[in-house]
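Peer 1: The structure's right below; bear with me while I get my questions together.
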Amino acid sequence: MRRFTAIFAALLFVLISQSQCVLAVVTVAPSDPHIAYVGRFTDDFRFGWTGSAMRLRFDGTSAAANLSLTIGDKAAMQVIVDGRPTKTLIITPAQSRYDLAADLPAGPHTIELFKRTEGFYGELKFAGFELSDDAKPLSLPPVDRRILIIGDSITCGYGNEAATVAEGLTVENENGYMAYGPIAARAVQADILMLCWSGRGIHRTRGLKNDRDGLMPSFLDKPLPMNPRITCDPASYVPNIIVINLGTNDLFRGPKNEKPELTKEQYLGDYRAFIQRLHQLHPDAQIIAAIGPMEVEPLDTWLADLDQQYPYVHHLVFEKFRGREEIGGHAHPSVKGHQRMADELTAEIRKLTGW
């Protein structure tokens, strides 16, 4: 009996030791300097804007992340491993640890998390990475190309993975990673900071009441779209290129034309004030004043006036849809539509920068 007890105790010790070995991980705290952040984050690593991203290079074979929702029922994050999108994480209050990659080949890898969904679909808090027990964080190469893009639902990737026009918007079918801005940024190897929100405008929002509240320029210094009381320094991110795609919602007059028709003076008046503020913050940046592809007239001709007034402004009119395959939920661009928009934006950026 004593011999059996001793054998059992030895086996139990081995099992516990093996279990402890399996569970051992290398933790990388959110404050670790090896992690690169792109986008707006608070001091305690909360974030909400589409495109908010954290990136880590490491030598190891697996990675997980600790994420929690602070506002909302669910949100979606894109996982990118070694530059390739691999899976979508649906973040819910029921879970805080998410596996990102496993059984990777030995050697260096880069892992990235990118928020696919826009601000009203969830505010999150990042609590760090967990790597395999033999892993080692590595330095990331510096990125010296930066884009700031400010827009509405089109820029966010609203319904771009919807199966039908009627499907509308869901957490699952909004893929900001495959929106035109991030696609173009990857094409020119630039980081991108995204400030976008469905229904918002530069002079008025899509709403029928209080349509001067919540205009996109008011969010320039807001790290959390759902918490306007918290502010940040908008000059802390220094872009080479600023893209503005606002106006589709300004044109909206309501289902029965309840709103008065938008005037050129209203639209360009607020537009001029915004680009002057942006130029004051980022005097070396070139600004692309874009519109389309859903509604362009008469904004396409109005924006051309800005080229004549400001040498650092260049207007870009995205071509309208070429076919049904370019249309996603609620007549917004599909992923294919975003790809064509990205091609147009990439060409404009390369013309201005030589990238």
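The values are calculated or read from the model by the stated rules, or taken from the named source; none is laboratory data. Small disclaimer: the values here were computed from a predicted structure and weren't measured. With ideal geometry, Cβ positions are generated from the backbone for all residues, glycine too; neighbour counts draw on all protein chains shown.
Peer 1: Could you please find all residues in the stretch 287-322 being part of a helix (DSSP H, G or I) and either of a type outside the set (Gly, Ala, Ser) or not assigned by TED's automatic domain parsing to the domain that holds PRO239 (or both)?
Peer 2: Result: LEU299, ASP300, THR301, TRP302, LEU303, ASP305, LEU306, ASP307, GLN308, GLN309.
Per-residue answers, yes or no, for (1) of a type in the set (Asp, Glu); (2) surrounded by 22 or more Cβ atoms within 10 Å (Cβ to Cβ); (3) part of a loop (DSSP other than H, G, I, E, B); (4) touching an Asp or Glu at 6+ places or on another chain (Cβ under 9 Å):
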residue	(1), (2), (3), (4)
LEU104	no, no, yes, yes
PHE126	no, no, no, no
LEU140	no, no, yes, no
ILE149	no, yes, no, no
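Peer 1: Give the residues of the stretch 89-102 that are in contact (Cβ under 8 Å) with a residue 40 or more places away in the chain and either out of contact with any Ser or Thr (no Cβ under 9 Å at 6 or more places or on another chain) or surrounded by 18 or more Cβ atoms within 10 Å (Cβ to Cβ) (or both), sorted by residue number.
Peer 2: Selection gives ILE90 alone.
Peer 1: Please go through the stretch 298-334 and give me each residue that is acidic (Asp, Glu) and either in contact with a strand residue (DSSP E or B) (Cβ under 9 Å, 6 or more places away or on another chain) or modelled with pLDDT under 95 (or both), ordered by number.
Peer 2: ASP300, ASP305, ASP307, GLU326
Peer 1: Return the residue satisfying two criteria in turn: it lies in the stretch 262-277 and is free of Cβ contacts under 8 Å to residues at least 40 places away in the same chain and buried (at least 16 other Cβ atoms within 10 Å of the Cβ), and of such residues it is nearest to HIS203 (Cα to Cα).
Peer 2: Looking at residues that are free of Cβ contacts under 8 Å to residues at least 40 places away in the same chain and buried (at least 16 other Cβ atoms within 10 Å of the Cβ), I get LEU268.
Peer 1: Out of the residues in the stretch 278-293 that are more than 18 Å from ALA235 (Cα to Cα) and among the small types (Gly, Ala, Ser), which is surrounded by the most Cβ atoms within 10 Å (Cβ to Cβ)?
Peer 2: This residue is ALA290.
Peer 1: Then there's this: Checking VAL317 against (1) surrounded by 17 or more Cβ atoms within 10 Å (Cβ to Cβ); (2) within 18 Å of SER198 (Cα to Cα), which test does it fail?
Peer 2: Status for VAL317: all satisfied but (2).
Peer 1: So is LEU224 crowded, with 17+ Cβ neighbours inside 10 Å, hydrophobic (A, V, I, L, M, F, W, C) and under 26 Å from LEU124 (Cα atoms) or not?
Peer 2: Here the answer is yes, as LEU224 does meet what is asked.
Peer 1: What are the pairs, 6+ residues apart or on separate chains, where a residue within the stretch 318-339 that is under 11 Å from TYR158 (Cβ atoms) has its Cβ under 6 Å from a residue that is among the aromatic types (Phe, Trp, Tyr) and buried (at least 17 other Cβ atoms within 10 Å of the Cβ)?
Peer 2: HIS332/TYR158; HIS338/TYR180
Peer 1: For the stretch 42-65, how many residues meet the condition of being more than 11 Å from the chain's Cα centre (by Cα) and over 20 Å from ARG84 (Cβ atoms)?
Peer 2: 5
Peer 1: Further question on the same structure: Is it true that some residue in the stretch 64-81 is hydroxyl-bearing (Ser, Thr, Tyr), outside the structural domain of ASP250 (by TED's automatic domain parsing) and either surrounded by 22 or more Cβ atoms within 10 Å (Cβ to Cβ) or over 30 Å from ILE288 (Cα atoms) (or both)?
Peer 2: Yes, the stretch 64-81 contains at least one residue that is hydroxyl-bearing (Ser, Thr, Tyr), outside the structural domain of ASP250 (by TED's automatic domain parsing) and either surrounded by 22 or more Cβ atoms within 10 Å (Cβ to Cβ) or over 30 Å from ILE288 (Cα atoms) (or both).
Peer 1: Might you check whether a residue that is small (Gly, Ala, Ser) and part of a strand (DSSP E or B) occurs anywhere in the stretch 49-56?
Peer 2: yes
Peer 1: When you scan the stretch 163-185, how many residues do you find that are part of a helix (DSSP H, G or I) and within 18 Å of THR346 (Cβ to Cβ)?
Peer 2: 9
Peer 1: Of the conditions (1) touching a residue at least 60 places away in the same chain (Cβ under 8 Å); (2) within 23 Å of ALA162 (Cβ to Cβ), VAL38 satisfies every one except a single condition; which number is it?
Peer 2: Result: VAL38 fails condition (2) only.
Peer 1: Right, something else. Being over 25 Å from TRP355 (Cβ atoms) and of a type in the set (S, T, N, Q) is the filter; apply it to the stretch 104-146 and report the residue that is modelled with the highest pLDDT.
Peer 2: Checking each candidate, the answer is THR117.
Peer 1: Next up: So, THR110, is that one without any contact (Cβ under 8 Å) to a residue 60 or more places away in the chain, assigned to a strand (DSSP E or B), farther than 30 Å from GLY329 by Cβ and within 19 Å of the chain's Cα centre (by Cα) or not?
Peer 2: Yes; evaluated as a whole, the condition is true for this residue.
Peer 1: Return yes when ILE192 is of a type in the set (A, V, I, L, M, F, W, C), in contact with a His (Cβ under 7 Å, 6 or more places away or on another chain) and not assigned by TED's automatic domain parsing to the domain that holds PHE41 and no when it is not.
Peer 2: Considered against the rule, which asks whether it is of a type in the set (A, V, I, L, M, F, W, C), in contact with a His (Cβ under 7 Å, 6 or more places away or on another chain) and not assigned by TED's automatic domain parsing to the domain that holds PHE41, ILE192 comes out as no.
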